[in-house]
Structure formats: structure tokens, C-alpha cells
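Enquirer: Next up is a structure, given as C-alpha cells.
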Amino acid sequence: MRNAFFATAALALIALAPPLAAQNVSVDVRVDRLEKEMRAVQRKVFPAGAPLEAEITRPAAPAVVPGSPASTPVADLTARVNALESQLASITGQVEENSFKLKQLEEAFNRYKAEQESRAAPAVVPPAVGPSASAAPASTTASARPGAPRPAANGASEERKTAVAAIERPSTGNEADDAYTYGFRLWDAKFYPEAQAQLKATVDKYGASPVASKAANLLGRAYLDDGKPALASVAFYENYQKRPKGDRAADSLAYLGEALIQLKKPADACKVYAELEQVYGASLSNGLRGMMDKGRTRAKCTA
């Protein structure tokens, strides 16, 4: 009967014990507390006799195998997740910083482009109204005014037309490539105005083609070689902006720095070189890197 009563009391204590998940104490502390409570019950049930020993023993501490990890798998997983979150936060911050820099560069060049286009736009002179217009002598022409440029002689013009006509137009069946190749041949022969017209038409017509990156970059170089750094800078920047993964995107940034140096904008050139290094530094050819280093020296870039 005593054993039955003892078992009943033990079951009552176990039933009254809070759930395992709700305890914020270690297993050892919980076992010690249960043993003390069991001895207290025994003293009340058997005041005259020796209390029975509780059939609860302290669990043996698990043996630690040498070389086993000190932390638990959950702790390791948590540490890895924390590291990944830290890396993701760092990468996100870098991407946001690069986007901000690119946006600033884009806004600056949009303003610069608008300024150059307004300067390059030819002035439209309204026709004269009144009797003085009809009374003006026919011999008063633009070429007769002091300081006005004279048109090229017919012989020289015809000679140039003949030389341009001698440039062979390729016909491989690939219209986009043929258009670019013809523009390249005109540029290589130093017929810069003709090359500009051909390359611009190529970019306008085949802007979605892979050849557009090469054509737009060469268009900028044709402007640069023709002494038009303002137009060149616009062509180079638009090629980089619209085709950042194109074959000549890095080239356009490098030549954009050169155009800005010619325009006496060294601070902007330094920003362009910094963008070139950050975006394409690992893949820059030796030629472009040498060009960038020389440009930084000429622009007196500090970094």
C-alpha cells in the first residue's frame, strides 16, 4: 500500500510539474527540485519510518568527443545567417552608393548635353521685311562679307567626292556590320564628316544590335579627331549610358575622360575615370588602363 501511495504522489507531482518547454532552467536544476519535493512528500507520508529513496537519478553528463564542435548546429546556423545578413547589408549599401554616384553623373551630363546642344544649334536669321530687302544688290553674298569663310573650290570638292567614292562599301549580307565597317573605313581614311554621318545613321538604325556599341564609340572618336570634343563627349556618354555592357562601353568612358580634358573640365574627367575603374577595372585592357592613367595625370586627379 505504501508503494501504491508513493507512486500516486509521484504521479501527482509529475502532473503538477510545468511543461518542459515552459521551464527556463537546466535539466539538472529541475531534477534536483523534483528530488527535494519527493523527499518532502515522503516525510509527510512516512513520519515514523525511513523515507524511500526517490527513483530519480541525475543524468550522466554526455561525453565530449575530442574534435567535436563546441557549439550546437543551431548556434552554427544562426552565426552563418548573421554573417550572410551582414554581407547582404554591406552589398546593398555599396549598390545604393554606386547608383547614387551614377545618377549624379547622369544628371551632370544631361545638363552638359543640353548646354552643348544649345550652343551648337545654328542661329536662324529671319528674312528681311520691307523695301530694303528687295533693293539689296545681288552681289552682296555671304562670301563677299569681310571675315566670312569662302566655299571650297569646285576642284577640291570634286576631288574629295572622288576620294570618298573610292572607299569600298562592304557587302557581306549582314547590313548592320556592313554599315559599321563602311563608317570605320571612312574614319580610318580621315574623312571625318562623312564617317560621322555614316556612323550616326548606323546607330540610329541598328541601335538594338550588338554593333551599335562599336558604332557609337567610333562616332565619338570621329568627333574627337575632327576637333569637336563637345559632340564627342555626348556620343561617348550616351553609348556608356545606353549600352553599359556593350563591347565599347569601357572605351567610351576612357575617351569621355579625354574629351572632358580637352574641354578643360578636369574635375569631371576625374569622376569619369573613377567610374571607369570602379565598373570595369578588373576587365580593362592594358591600352585602356594606360590611357586612363595618363588622363588622370593630365587632369591631376587626387585618387
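The values are calculated or read from the model by the stated rules, or taken from the named source; none is laboratory data. Just so it is clear, the model here is predicted, and its values are computed rather than measured. Virtual Cβ from ideal backbone geometry, glycine too; neighbours counted across all protein chains shown. What goes into the accessible areas is simple: the full protein's heavy atoms, side chains included, and nothing from ligands, DNA or RNA. Shrake-Rupley method; radii C 1.70, N 1.55, O 1.52, S 1.80 Å.
Enquirer: Among the residues of the stretch 155-202, which ones are of a type in the set (A, V, I, L, M) and closer than 22 Å to Y223 by Cβ?
Expert: A163, V164, I167, A176, A179, L186, A189, A195, A197, L199, A201
Enquirer: Name, by its number, the condition in (1) under 24 Å from W187 (Cα atoms); (2) open to solvent by 70 Å² or more (accessible area, probe 1.4 Å); (3) under 18 Å from the mean Cα position of the chain (by Cα) that does not hold for A282.
Expert: (1)
Enquirer: Looking at (1) farther than 27 Å from T181 by Cα; (2) in contact with a Pro (Cβ under 8 Å, 6 or more places away or on another chain); (3) assigned to a helix (DSSP H, G or I), can you tell me which one C301 breaks?
Expert: Every condition holds for C301 apart from (3).
Enquirer: Right, something else. Considering only the stretch 199-206, I want to know if a residue exists there that is open to solvent by less than 20 Å² (accessible area, probe 1.4 Å) and part of a helix (DSSP H, G or I).
Expert: Scanning the stretch 199-206 turns up at least one residue that is open to solvent by less than 20 Å² (accessible area, probe 1.4 Å) and part of a helix (DSSP H, G or I).
This table checks each residue for (1) over 20 Å from A179 (Cα atoms); (2) in contact with a strand residue (DSSP E or B) (Cβ under 7 Å, 6 or more places away or on another chain); (3) free of Cβ contacts under 8 Å to residues at least 24 places away in the same chain; (4) surrounded by fewer than 20 Cβ atoms within 10 Å (Cβ to Cβ).
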position: N217; (1), (2), (3), (4): no, no, no, no
position: L224; (1), (2), (3), (4): yes, no, no, no
position: D247; (1), (2), (3), (4): no, no, no, yes
position: A254; (1), (2), (3), (4): yes, no, no, no
position: V272; (1), (2), (3), (4): yes, no, no, no
position: L276; (1), (2), (3), (4): yes, no, no, no
position: G287; (1), (2), (3), (4): yes, no, yes, yes
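Enquirer: Looking at the stretch 159-175, which of its residues are surrounded by 11 or more Cβ atoms within 10 Å (Cβ to Cβ) and farther than 17 Å from A189 by Cβ?
Expert: N174, E175
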